[in-house]
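Presented below is the structure to which this report refers.
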Amino acid sequence: MNQYQVILDQIYKDIQPHLNKGKVADYIPELADVPVAQFAMALVDLQGNVFSCGAAGQRFSLQSISKVFTLTLALKGLGQQLWHRVGREPSGSAFNSLVHLEYEKGKPRNPFINAGALVVTDVVLDLLPSAQAPVLELLRSLSGNAALGINQAVASSEESHGFRNASLANFLKSFGRLSHPVDTVLSAYYQDCAIEINAIELAKTGYFLANQGVPFGAQGPFISANRAKYINSLMLTCGTYDSVGDFAYRVGLPGKSGVGGGILAVMPGEFSVCVWSPGLDQSGNSLAGTQALEWLTTRTGISIF
């Protein structure tokens with residue numbers, strides 16, 4: 001049996017006492033009732049082998065992990081010009097903070113805080129005006145599952161309670177940072193966050209970031225190896241809200257988390273891995289998921305450091 005499967009099985013056994021320690025994202029009503037004591041993990045190596053444990057077939061809300069794929073589309077279409085609209089620096093603040101926008105004339109610090117994701121969503125709407133759901137279509141292609149969909153109840157729940165995001169979008173609009181109407185950008189953003197996926201599918205979607213831009217099962221690149229490097233670097237420095245330093249210290253991989261409890265992480269040249277457990281720590285990252293990834297890199301001896 002491959003060492004990855006042995007290690008994942010041991011992680012699943014060891015993680016059980018941690019599954020009740022976090023708190024679900026109850027500020028989104030549709031996520032408030034998700035049972036907290038759940039766990040899944042899936043890893044895809046560069047040979048295309050898939051290893052998993054726990055509820056790896058259970059779909060969950062993608063939430064902010066969708067920002068990786070919105071960024072991928074924007075960077076593919078706009079290239080370096082994207083950085084005129086959004087920065088590349090850690091924010092040091094909560095993901096929905098308005099603090100820096102006032103001082104920096106509405107230019108978000110990075111693509112993974114909510115303000116930055118709204119700007120990047122606006123860019124994708126410019127680049128792909130005829131596409132109905134470009135991020136969903138990309139995820140369907142990368143995962144190999146054309147049946148992936150959007151949980152409209154989650155999207156509506158976020159929209160009806162998204163007062164802070166509406167404030168961010170209007171603030172961005174006041175600085176001329178959005179070209180589309182605020183409601184259009186917000187609706188697209190909520191739809192992307194409400195995409196549902198399972199751990200195996202998400203590990204497959206992240207494969208291109210571990211494989212120099214070449215997706216799982218594909219013969220050629222979707223994006224250049226250099227752009228895959230850029231995205232990985234932003235995941236490492238900005239991907240886990242305001243605890244990127246702690247995540248890098250403990251896990252040692254580029255990663256992007258979402259308040260649905262998922263984390264997508266990659267080891268370039270080795271594997272793509274997804275972990276899901278809905279109980280969150282104070283920064284909004286999966287508590288058990290972060291612990292599982294720390295054990296993965298410790299027990300395999302594989303990290304970027």
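Laid out as a table, the results:
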item	result
Where a residue in the range 216-230 is within 13 Å of residue 266 (Cβ to Cβ) and its partner, wherever it lies, is crowded, with 17+ Cβ neighbours inside 10 Å and hydroxyl-bearing (Ser, Thr, Tyr), with Cβ under 6 Å and at least six apart	216/207
Identity of the residue in the range 174-183, modelled with pLDDT of 95 or more and not in a loop (DSSP other than H, G, I, E, B), that ends up nearest to residue 107 (Cα to Cα)	182
Whichever residue in the range 109-130 is out of contact with any Ser or Thr (no Cβ under 8 Å at 6 or more places or on another chain) and within 19 Å of residue 79 (Cβ to Cβ) and, among such residues, is modelled with the lowest pLDDT	129
Filter pass, residue 203 being buried (at least 18 other Cβ atoms within 10 Å of the Cβ) and touching a strand residue (DSSP E or B) at 6+ places or on another chain (Cβ under 8 Å)	yes
Any hit, the range 175-188, residues being in the same structural domain as residue 25 (by TED's automatic domain parsing), more than 26 Å from residue 58 (Cα to Cα) and surrounded by fewer than 19 Cβ atoms within 10 Å (Cβ to Cβ)	no
Residue pairs meeting the criteria (Cβ under 6 Å; at least 6 apart or on separate chains; first touching a residue at least 12 places away in the same chain (Cβ under 8 Å), in the range 128-151; second assigned to a loop (DSSP other than H, G, I, E, B))	134/128; 139/148; 142/215; 150/194; 151/194
Any chance residue 233 is outside the structural domain of residue 112 (by TED's automatic domain parsing), of a type in the set (S, T, N, Q) and crowded, with 24+ Cβ neighbours inside 10 Å	no
Filter result for residue 186 (assigned to a helix (DSSP H, G or I) and under 15 Å from the mean Cα position of the chain (by Cα))	no
Members of the range 137-159 found to be part of a helix (DSSP H, G or I) and closer than 24 Å to residue 27 by Cβ, listed by number	152, 153, 154, 155, 156, 157, 158, 159
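The values are calculated or read from the model by the stated rules, or taken from the named source; none is laboratory data. None of these values were measured; they are calculated from a predicted model. Cβ: placed from backbone, ideal geometry, glycine included. Neighbour counts: every protein chain shown.
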